[in-house]
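Chemist: For reference, the structure I am asking about is given below.
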Amino acid sequence: MAKEFSEAFYHSRSWKRARCEALIRDHDLCQHCAAHGNVESAVMVHHVIELTPANINDPRIATDLSNLVSLCDTCHKIVHGWVSADKPRRRHTFDADGNLICIE
Ligand SMILES: [Zn+2]
Ligand SMILES: [Zn+2]
């Protein structure tokens, strides 16, 4: 999905560091799933304000944690509108003892 203008950015040290820090902050969990009480591993870090050729050199947009959110593949596609939100998905959550359990 990488566009040409962002190709070099996504290979940069500063992005890799910001991405890593966002995943640590989010405990490697998809934040959209977490908001719905679901536990799903994050597979990528998404820019809340989308990167454009105009803002890619602005660290407040490109690498600031406040503009980054860890997401699973499904939620990322939903956020971008690449798939609809009614796709079936794994559902699990924590029980009272902190163990992962299936909801369905
Ligand atoms: Zn998710
Ligand atoms: Zn994204």
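Chemist: Looking for whichever is of a type outside the set (G, A, S), away from ligand 1 (no atom under 16 Å from the Cβ) and in contact with a helix residue (DSSP H, G or I) (Cβ under 9 Å, 6 or more places away or on another chain) here; the options are R17, R60. Which one fits?
Modeler: R60
Chemist: Residue under question is L23, and the condition is that it be modelled with pLDDT of 95 or more and either touching a helix residue (DSSP H, G or I) at 6+ places or on another chain (Cβ under 7 Å) or of a type in the set (D, E) (or both); does it hold?
Modeler: No; evaluated as a whole, the condition is false for this residue.
Chemist: So, one more: Just one of (1) touching a Leu at 6+ places or on another chain (Cβ under 9 Å); (2) in contact (Cβ under 8 Å) with a residue 40 or more places away in the chain; (3) among the hydrophobic types (A, V, I, L, M, F, W, C) trips up L100, so point out which.
Modeler: The single condition L100 does not satisfy is (1).
Yes or no, residue by residue, for (1) among the aliphatic types (A, V, I, L, M); (2) under 18 Å from S14 (Cβ atoms); (3) out of contact with any helix residue (DSSP H, G or I) (no Cβ under 7 Å at 6 or more places or on another chain):
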{"site": "H27", "(1), (2), (3)": "no, no, yes"}
{"site": "A35", "(1), (2), (3)": "yes, no, yes"}
{"site": "H46", "(1), (2), (3)": "no, yes, no"}
{"site": "L68", "(1), (2), (3)": "yes, yes, no"}
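Chemist: Within segment 40-63, can you find the residues that are within 28 Å of L100 (Cα to Cα), touching a His at 6+ places or on another chain (Cβ under 9 Å) and surrounded by fewer than 18 Cβ atoms within 10 Å (Cβ to Cβ)?
Modeler: V43, M44
Chemist: Just to be sure I understand the filter: pairs with C-beta atoms under 8 Å, separated by 6 or more residues or on different chains, first member in segment 24-36 and closer than 20 Å to D64 by Cβ, second member surrounded by fewer than 17 Cβ atoms within 10 Å (Cβ to Cβ) and of a type in the set (K, R). Which pairs pass?
Modeler: none
Chemist: Moving on to the next point. Does K77 meet the test of being surrounded by 13 or more Cβ atoms within 10 Å (Cβ to Cβ), of a type in the set (K, R), at pLDDT below 95 and within 16 Å of ligand 1 (Cβ to nearest atom)?
Modeler: So K77 fits the description; yes.
The values are calculated or read from the model by the stated rules, or taken from the named source; none is laboratory data. Because the structure is predicted, anything quoted here is derived from the model rather than measured. Positions of Cβ are backbone-derived with ideal geometry, glycine not excepted, and every protein chain shown enters the neighbour counts.
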